[in-house]
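Enquirer: So that we are looking at the same thing, I have put the structure below in structure tokens.
The values are calculated or read from the model by the stated rules, or taken from the named source; none is laboratory data. Keep in mind that what you see is a predicted model, and the values were worked out from it rather than measured. Heads up, the Cβs are rebuilt from the backbone with ideal geometry, glycines too, and the neighbour counts pull from every protein chain shown. Side chains are part of the model used for accessible areas, which takes the heavy atoms of the whole protein and leaves out ligands, DNA and RNA. Shrake-Rupley method; radii C 1.70, N 1.55, O 1.52, S 1.80 Å.
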Amino acid sequence: MSTEQQSPRRSGVFRTKTVEQSIRDTEEPEHRLRKSLSAWDLTVFGVGVIIGTGIFVLTGKVAKENAGPATSLAFIVAGIVCALAALCYAEFASTVPVAGSAYTFSYASIGELPAWIIGWDLVLEFALGTAVVAVGWSGYVRSLLDNVGLHLPAVLSGVDVPGGVFDILAFALVLVLTAVLVIGVKLSARITTIIVSIKVTVVMIVIVAGLFFIKAENYLPFIPPKQLQPTESGFAQPLIQLLFGYQPTNFGVMGIFTAASVVFFAFIGFDVVATAAEETKVPQRDMPRGILGSLFICTVLYVAVALVITGMEHYTRISVSAPLADAFKAVGHPFYAGVISFGAAIGLTSVCMILLLGQTRVFFAMSRDELLPRFFSITHPRFGTPYRPTVLLGVVIAIVAGFTSINELATLVNIGTLFAFVVVALGVIILRRTRPDLPRAFRTPMVPLIPVLSIAASVWLMLNLPTETWLRFAIWMVIGFVVYFLYGRSHSRLAGGRR
């Protein structure tokens, strides 16, 4: 291999860090993460973070408002979009088995500034995702406590509740999960395995039990007649409508794609698996299995649940707030409704923990490259975990979850994920051209076709997001540029040669 390939290209903010250097950095004793994860652990992580509020809530909302019985097709479309991105993630994660996911991949292929921006984006995505899920978990737990006659004081029930000031349950959950992640990722994997087992069991109960209450007439019409979406004004309207005058439709064939842009958010999280590449025993083999395996399992479960729920109740009567539980109540089986609520509360615990794990690994990787203070890249001498960023971010997110509803910011998680998909797909194309010699345990098929399709699909879904989401995202990115040029650019390890 030539010297040029082994050393980073130095061209200002687009200097790249070679794959070889990224891997060498993982061998430094003070900055080394413990390798303890298998393909099974990664698959469990993926299923644990993907199956959350999406399957328990979005199914009913999309069926009633966007696609009717064709919601199952919308899940298939969204699954295909994610599969395109997953193929790109699998190549990178097996080729560059380093913590940081899209951030690390971008650093090796596109350059330092794009890598910083995507890392900055992921920090926001995972932080908001963790806080939003913690608040949702708190709501489920309060509901279960109310059912058994236990009631939290309004002041400690969160800002979503009249008179609420502080969400003690969401705050406590994040702190407990922070402690678990500090102790070790293997312990996190074991806890997640237990939680995912409960969650998947509940989903299977919905599917199997629901089969006995399906009525064929509820599937008619399978694709309801097309309807224009209600016209939004100002920045609340989708960006594609503001720019081109295209108004998305509900129902009909195009309504399936509109629904796909909604249910796509039920798949968010499989990319978190890539952040654990450095802690995987055999990443070249296990990362593709974990990423693609978890995505396939969840897609099958989502499609099955959508078919069952729309068969149990006509789409016009499906509940939006708790579709699965209410569907069983409607057919006279409240016991199943209680089981589903319990499964939802348990399941959100794993979603919260894995999002927090993903964020700390991105933060850790950026710190090890000295784009953030190197203080945060020291691993625990006993547990081998990045305990400093875990504690810092855990406390911050716990406070945010305790004092804020942040429901209006939830779509920032979605645009952040799609932006990461675009960058990773672009990185696969670039690295294939700049480093064709690089050993690749897994190769994305049909390059550049698959990455280009992934970029196009992700951009399409991004354009269907509200304009105000784009504005908030742009503000966060501007802040990221300022931080990079004031601190990261001059402190970067790649800048050390010039200093």
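Enquirer: List the helices (runs of 4 or more DSSP H) inside the stretch 382-499, counting only whole elements, that have at least 3 residues being at pLDDT below 85 and surrounded by 15 or more Cβ atoms within 10 Å (Cβ to Cβ).
Expert: 410-434
Enquirer: Filter the stretch 116-161 for residues that are in a helix (DSSP H, G or I) and free of Cβ contacts under 8 Å to residues at least 24 places away in the same chain; which is least open to solvent (accessible area, probe 1.4 Å)?
Expert: In this case the residue turns out to be G139.
Enquirer: Here is a list of conditions, (1) more than 22 Å from the chain's Cα centre (by Cα); (2) of a type in the set (A, V, I, L, M); (3) farther than 30 Å from R440 by Cα, and L113 meets all of them except one; can you say which number that is?
Expert: Going through the list (1) more than 22 Å from the chain's Cα centre (by Cα); (2) of a type in the set (A, V, I, L, M); (3) farther than 30 Å from R440 by Cα, L113 breaks only (3).
Enquirer: When you look at V165, is it open to solvent by 30 Å² or more (accessible area, probe 1.4 Å) and not in a helix (DSSP H, G or I), yes or no?
Expert: Yes: the conditions hold for V165.
Enquirer: Can you give me the ranges of the helices (runs of 4 or more DSSP H) entirely in the stretch 237-325 with at least 1 residues that are within 19 Å of S36 (Cα to Cα)?
Expert: Filter on the stretch 237-325 gives 283-312.
Enquirer: To continue, here is another question. Can you tell me which residue among I23, I80 is open to solvent by 10 Å² or more (accessible area, probe 1.4 Å) and modelled with pLDDT of 90 or more?
Expert: So the residue among I23, I80 that is open to solvent by 10 Å² or more (accessible area, probe 1.4 Å) and modelled with pLDDT of 90 or more is I80.
Enquirer: Tell me, yes or no, whether the stretch 37-60 has at least one residue that is in contact with an Asp or Glu (Cβ under 7 Å, 6 or more places away or on another chain), surrounded by fewer than 24 Cβ atoms within 10 Å (Cβ to Cβ) and of a type outside the set (A, V, I, L, M, F, W, C).
Expert: Within the stretch 37-60, one or more residues are in contact with an Asp or Glu (Cβ under 7 Å, 6 or more places away or on another chain), surrounded by fewer than 24 Cβ atoms within 10 Å (Cβ to Cβ) and of a type outside the set (A, V, I, L, M, F, W, C).
Enquirer: Restricting the search to the stretch 337-381, which residues are of a type in the set (D, E, K, R), surrounded by fewer than 24 Cβ atoms within 10 Å (Cβ to Cβ) and part of a helix (DSSP H, G or I)?
Expert: If the condition is that a residue be of a type in the set (D, E, K, R), surrounded by fewer than 24 Cβ atoms within 10 Å (Cβ to Cβ) and part of a helix (DSSP H, G or I), then R374 is the only one that fits.
Enquirer: Next question. Is one or more of the residues making up the stretch 226-234 at pLDDT 85 or above, under 29 Å from Y315 (Cα atoms), open to solvent by less than 30 Å² (accessible area, probe 1.4 Å) and not β-branched (V, I, T)?
Expert: Within the stretch 226-234, none of the residues are at pLDDT 85 or above, under 29 Å from Y315 (Cα atoms), open to solvent by less than 30 Å² (accessible area, probe 1.4 Å) and not β-branched (V, I, T).
Enquirer: Something else: V320 versus (1) open to solvent by less than 10 Å² (accessible area, probe 1.4 Å); (2) under 28 Å from E217 (Cα atoms): which is the lone unmet condition?
Expert: The one condition V320 does not meet is (1).
Enquirer: Which condition does Q284 not pass, out of (1) closer than 30 Å to R24 by Cα; (2) surrounded by 20 or more Cβ atoms within 10 Å (Cβ to Cβ), if it passes all the others?
Expert: All conditions are met except number (2).
Enquirer: Hey, another quick one. Just for the stretch 287-309: of the residues that are surrounded by fewer than 24 Cβ atoms within 10 Å (Cβ to Cβ) and of a type in the set (A, V, I, L, M), which one is farthest from S101 (Cα to Cα)?
Expert: Once the filter is applied, the top-ranked residue is V308.
Enquirer: Is it fair to say F251 is buried (at least 21 other Cβ atoms within 10 Å of the Cβ), over 25 Å from the mean Cα position of the chain (by Cα) and modelled with pLDDT of 80 or more?
Expert: Considered against the rule, which asks whether it is buried (at least 21 other Cβ atoms within 10 Å of the Cβ), over 25 Å from the mean Cα position of the chain (by Cα) and modelled with pLDDT of 80 or more, F251 comes out as yes.
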